[in-house]
Amino acid sequence: MADDKPKMQRIEGHSEDRFLGSDVFESSSHNIPPRNGTGTIREEARDVDIYHKCDVAVIGGGPAGCAAAWAAAKAGADVTLVERYNCLGGLSTGGLVMWIDRMTDWEGNHVIQGFAREFIDRMPPEAVAGPPKVDWGSKDPMKTGYWGNRTTAFHGIVCWAPTLDPERMKLNAQEMLLEAGVRIVFHSWGSRPIIEDGAAKGIVFESKAGRQALMAKVVVDTTGDGDMFARAGAEFDTDIEEGDVHHSMNTAWMLGGVNMDRWINWKVLYPEQLTELMNKGREQLGFFQTPYVSWRPDIALFLGPRQSGLSALDVDDLTEVEIRSHRLMEGHAQFFRNNAPGFENAYSLQSASQIGVRHTRRLGGVGRIERKDWGNGTPVADEVGISPSISPKFPIVSVPYGSLVPRALDGLLAAGRHISCDANSHGFMREIPQCWLTGHAAGAAAAVAANRGVQPREVDVTELRGLLHEQGAHLSDDAAVKAAASKQTEPAE
């Protein structure tokens, strides 16, 4: 194994972990030689066959894309979903990010519902690990201590943040979409939007069949990186602190043959020994990650170490992350097997087929989720969802429809981790439950726009909220939203 340790610098003081130790690091070294390409070539003009025509085209089958396709189809739209991999779920499945972050507020109320709730309710019980509903919102030290070591209690409060079997998630999402009538197109990469008169009319995608066109009344960009709206010329933001965990990447992996209950008991009872183990790991491996629980006590999940200062829009940087991550996976497997209680029989089980990207672009939308609004606890006038806040210091966060709508580009909506928000809000709005939430809202809005023959920005939010209610979404009281709308339209004194 190549030794990268002397060339890396660990970043201190930037960690999202509330209960685990994980390093974030950046490096100026690379394992592949620099490119030598210069100049350009001219690609021949050619006719592109139309693969299909539909009402709503969803580009990307991650959490947001699944929710969007399901919601649009449930509303009567003809929906096609294009996914570059061989399964649905995105980072929650192919990326092994099977820990689903908080869906309850700090009082234990289930605020992210709709597609998210139906998806989890349909999972088999043995594929879901998390606290019983009676414990949601509990501050009992015994319960928070237990669940805090199982990734579902934060700030002394038990939350609904389960861990799910990724293979069952793949099947569950697939069957939900097929039952709703969605056309799924696997092994196909959306390459560019089709734009006419300032509006998206579909996309061109690549597959083994070559380049083909998918025409649609509304395109929903759920690529995670804003590939469609960026290539259409829509505004977007990229600002984020380079050394922050939210700007880092990694490839996740799992170790099998472990005893996570024994590991947790040991690290709780002997914190000094845990510190010694982590220091030893850093000495031997350079950078270190402790395990998360999975949906089974005999499988451990690793979501780091996280690599900063590299771009998920640069193919060489993506390659670099993969090279390092696979080295770290094997290094951690050997180290834990030789040194960690509960890992005596551990073996490398699986690495993720999708790289763990946290941030690239964020839409420049007609609305925006901003840090300054976290503390007021009141709904926005165009609310289409409610997100838990980052800590008990803040109430819930009201998600505006405008955060899904480009400022100028028509015919397109955005959902998932690239919605319109500031860098601080992105830290939690990129999580899987929030992607389910915004995807559900975007899919429902796309169906309304297609059915009404209007642009997404012209969708009646009252009608949209009614549809979301019908589909099980949790929203603020209509009267409170109307009051917010009235206040917004009051003339300034």
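Things to note:
- Solvent-accessible area per residue in the chain equals 42 Å², computed with a 1.4 angstrom probe and all protein chains kept.
- Per-pair calculated FRET efficiency, R0 = 35 Å: ARG211 and GLN455 via Cβ, rounded to 0.05: 0.80
- Taking every DSSP bridge with both residues inside the chain, close to 65 percent are antiparallel.
- FRET efficiency, LEU178 to GLU470 (Cβ-Cβ, R0 30 Å, nearest 0.05): 0.90
- Segment VAL134-ALA479, extension gain: residue separation times 0.36 nm, minus the distance between their alpha carbons: 121.2 nm
- For peptides 262-273, 323-334, 82-93, sequence by mean Cβ density within 10 Å, most packed first: 82-93, 323-334, 262-273
- Separation of the GLN273 and ALA408 label points, Cα + 7 Å toward Cβ, nm: 6.3 nm
- For GLU463 and GLU126, a Förster radius of 35 Å and the Cβ-Cβ distance give a FRET efficiency of 0.30, rounded to the nearest 0.05.
- Candidate lysines - alpha carbon under 26 Å from LYS208, same-chain residues fewer than 8 apart omitted: LYS53, LYS170, LYS217
- Peptide ranges 460-468, 361-369, 49-57 listed from the most packed, as the mean C-beta count within 10 angstrom indicates: 361-369, 49-57, 460-468
- Between ASP314 and PHE186, the modelled label-to-label distance comes to 3.4 nm, taking each label 7 Å out from Cα in the direction of the beta carbon.
The values are calculated or read from the model by the stated rules, or taken from the named source; none is laboratory data. Nothing here was measured: the structure is a model prediction, and the numbers come from that model. Because the Cβ atoms are built from the backbone with ideal geometry, glycine has one as well, and the counts that use them run over all protein chains shown. The accessibility values were calculated without ligands, DNA or RNA, using every heavy atom of the protein model including side chains. Shrake-Rupley method; radii C 1.70, N 1.55, O 1.52, S 1.80 Å.
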